Amino acid sequence: MKIMTCPVNGPRAISEFAYGGEIRPMPDPATCSDDAWADYVFNRNGSPGVKREWWCHTPSNTWFVAERDTARDVIVRTYLYAGDN
Amino acid sequence: MPWRLLRFALSDKHPEPRMFTRHDALKPAYDVVIIGGGGHGLAAAYYLARDHGITNVCVLEKGYLGGGNTGRNTTIIRSNYLTPEGVKFYDESVRLWQDLSTDFDLNLFYSNRGHFTLAHTDAALRTSRWRAEVNKHFGIESEVVGPEVVKQAAPMIDLSCGGHAPILGALYHAPGAVARHDAVAWGYGRGADLRGVEIHQRTEVLGIDVAGGKVTGVRTNRGNISTGKVLCAVAGSTPRVLDMVGIRSPIYIHPLQAMVSEPVKPWLDPILVSGSLHVYISQSARGELVMGASLDPYEVQSTRSTFDFPEGLSSHMLDMFPFLSNVKVMRQWAGMADMTPDFAPIMGRTPVEGFYLDGGWGTWGFKATPVCGKTMSYTVAHDRNHDLITGFTLDRFRNFELTGEKGAASVGH
Ligand SMILES: Cc1cc2nc3c(=O)[nH]c(=O)nc-3n(C[C@H](O)[C@H](O)[C@H](O)COP(=O)(O)OP(=O)(O)OC[C@H]3O[C@@H](n4cnc5c(N)ncnc54)[C@H](O)[C@@H]3O)c2cc1C
């Protein structure tokens, strides 16, 4: 069983976590073009790499950030979201 | 040991022709370069040569033929989809499968079994009825049946599934079949090779040259090639190749795992799929149970397997078939599934002239191998999307016109 570290509850089995996808900035739907909106809604960065992703520890409903190497399936680090940096 | 094997084991000369011609070097230019030596790329090469007379073609494969998802899938073939675009497309594929063994002079072990999609909830029954009506409209054998029909076809099943997921009925699709996946790649590959197509294994595409919005060449680990047409058929590597030409797409990669049991006596004729239990199962000609489940829950671009997978899948298998408790799992593996948001593929011309895409095949593209070869070879030869693929183009996302096929996905994802 793979272990992920919840920033609040510590190391837990990966089955306790839900994956929320890569962190992506959302354009303002009121002002952006249809193309920019479609790009945000549908398109993804599907190539491997170290990505910043949303994850949730489901028993405690804690959302946090994980940096994960998607080519090697290795969790680099996890931390609570502190705004975009 | 057979005498022939002994006699030729130590000799350089072998009287048997090889399955494929070996080409020592790449040519400086080809009319068409196909990236990916899986079933899709090889089928496109075959039909380009056979139906369109285009033979100055090479297929570039970074590993070995069929070593991608073609050789890793659970080989279920069916056409009982949900959207009219999908139903027509997969129906044409099922038709093409019928005489492939004869065409190739190679036994594909195409085995017509019948396919049950089990419904354990009212919602699943409703989707089954919907699919049956769409299917019948297009002349495809597809009907909703009661649990007693399931029991008759698979007498070993526990219809209550351990008491917690009773089977209320099923969508039955008589044409459902399985086939030998490696042989499909080899058959198309040999057919293309005999007609003059060059197949280069261990040849990885590292870059694609584009000038003025047009493809001009391909860079590989064995040298550069100039060409005006490139077909990308690389399944789980599609985002990486799209990056080479600067095309954005909704494709995301999750592993899909599968496993087989030790061989046992034949006891299961049909193919069974349960969306609620996340199981699909058939018995191969060798007696192995071939089993799959839903996608891994998060993005990974590798073919690693996990221990959670056989554990979870076995537990659901035992809900359906408690008598299997002593049967051993023999092998497990994974493929990289190139998923799309609407569970339909992405095919056809792209914003880069001369760059054609056959991807987004996720967990469902083996059955489509013949029709993808047919339609993509047409599209490449005429630089015009084949009529059967117009519902699958990349620009459907930009136009907010999705082809919602998720309801026909084999297991709930
Ligand atoms: C476990 C599992 C079960 C499945 N079950 C079913 C099923 O029951 N029914 C069904 O219809 N479908 C099923 N599928 C889906 C099906 O296997 C695929 O959609 C289909 O095989 C894709 O074929 P392909 O030829 O496009 O890709 P592949 O067979 O993956 O071929 C692509 C090839 O491209 C090569 N490549 C990648 N990048 C490069 C590069 N840069 N240069 C050169 N070569 C490159 C790869 O090495 C690979 O060999 C399943 C998939 C998996 C993983």
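Yes/no matrix, rows are residues, columns are (1) crowded, with 24+ Cβ neighbours inside 10 Å; (2) part of a strand (DSSP E or B); (3) touching a residue at least 12 places away in the same chain (Cβ under 8 Å); (4) more than 11 Å from the ligand (Cβ to nearest atom):
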| residue | (1), (2), (3), (4) |
| --- | --- |
| B:Thr21 | no, no, yes, yes |
| B:Leu26 | no, no, yes, yes |
| B:Tyr46 | yes, no, yes, yes |
| B:Asp51 | no, no, yes, yes |
| B:Arg95 | no, no, no, yes |
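Check whether at least one residue in the range A:24-43 is within 8 Å of chain B (Cβ to nearest Cβ), outside any loop (DSSP other than H, G, I, E, B) and under 15 Å from the mean Cα position of the chain (by Cα), and report yes or no. No: zero hits. Taking B:Lys367 as the residue in question, decide whether it is under 17 Å from B:Val184 (Cα atoms), in the same structural domain as B:Gly187 (by TED's automatic domain parsing) and outside any loop (DSSP other than H, G, I, E, B). For B:Lys367, the condition - under 17 Å from B:Val184 (Cα atoms), in the same structural domain as B:Gly187 (by TED's automatic domain parsing) and outside any loop (DSSP other than H, G, I, E, B) - is not met.
The set of residues from the range A:68-85 being within 13 Å of another protein chain (Cβ to nearest Cβ) and assigned to a strand (DSSP E or B) comprises A:Arg68, A:Asp69, A:Val74, A:Ile75.
The set of residues in the range B:333-377 being away from chain A (no Cβ under 14 Å), of a type outside the set (A, V, I, L, M, F, W, C) and within 10 Å of the ligand (Cβ to nearest atom) consists of B:Gly335, B:Pro345, B:Asp358, B:Thr363, B:Gly365, B:Lys367, B:Thr369, B:Gly373.
Within the set A:Pro11, A:Pro48, the sole residue that is in a strand (DSSP E or B), of a type outside the set (Val, Ile, Thr) and modelled with pLDDT of 95 or more turns out to be A:Pro11.
Residue pairs whose Cβ atoms lie under 8 Å apart, sitting 6 or more positions apart in sequence or on different chains, and linking a residue in the range B:134-152 that is touching a residue at least 60 places away in the same chain (Cβ under 8 Å) and farther than 18 Å from B:Gly169 by Cα to a partner that is surrounded by 15 or more Cβ atoms within 10 Å (Cβ to Cβ) and not polar (S, T, N, Q), are B:Ile140/B:Val87; B:Ile140/B:Asp91; B:Ile140/B:His173; B:Ile140/B:Pro175.
The set of residues in the range B:262-299 being charged (D, E, K, R) and within 19 Å of B:Trp364 (Cα to Cα) consists of B:Asp296, B:Glu299.
Taken together, B:Ser282, B:Ser294 contain a single residue that is within 14 Å of another protein chain (Cβ to nearest Cβ) and closer than 22 Å to B:Phe116 by Cβ, which is B:Ser294. Screening the range B:28-44 for residues that are of a type in the set (Gly, Ala, Ser) and part of a helix (DSSP H, G or I) and picking the one that is farthest from the chain's Cα centre (by Cα) gives B:Ala44.
Where strands (runs of 3 or more DSSP E) sit wholly within the range B:110-225, those with at least 1 residues that are in contact with a strand residue (DSSP E or B) (Cβ under 9 Å, 6 or more places away or on another chain) and of a type in the set (Gly, Ala, Ser) occupy B:115-119, B:169-173, B:205-211, B:214-220.
Residues in the range B:69-89: is at least one of a type in the set (D, E, K, R), away from the ligand (no atom under 16 Å from the Cβ), in contact with a Phe, Trp or Tyr (Cβ under 9 Å, 6 or more places away or on another chain) and part of a helix (DSSP H, G or I)? Yes, the range B:69-89 contains a residue that is of a type in the set (D, E, K, R), away from the ligand (no atom under 16 Å from the Cβ), in contact with a Phe, Trp or Tyr (Cβ under 9 Å, 6 or more places away or on another chain) and part of a helix (DSSP H, G or I).
The values are calculated or read from the model by the stated rules, or taken from the named source; none is laboratory data. Computed from a prediction, not measured in an experiment: that's the story for all the values here. Positions of Cβ are generated from backbone atoms using ideal geometry, with glycine treated the same way; all protein chains shown enter the neighbour counts.
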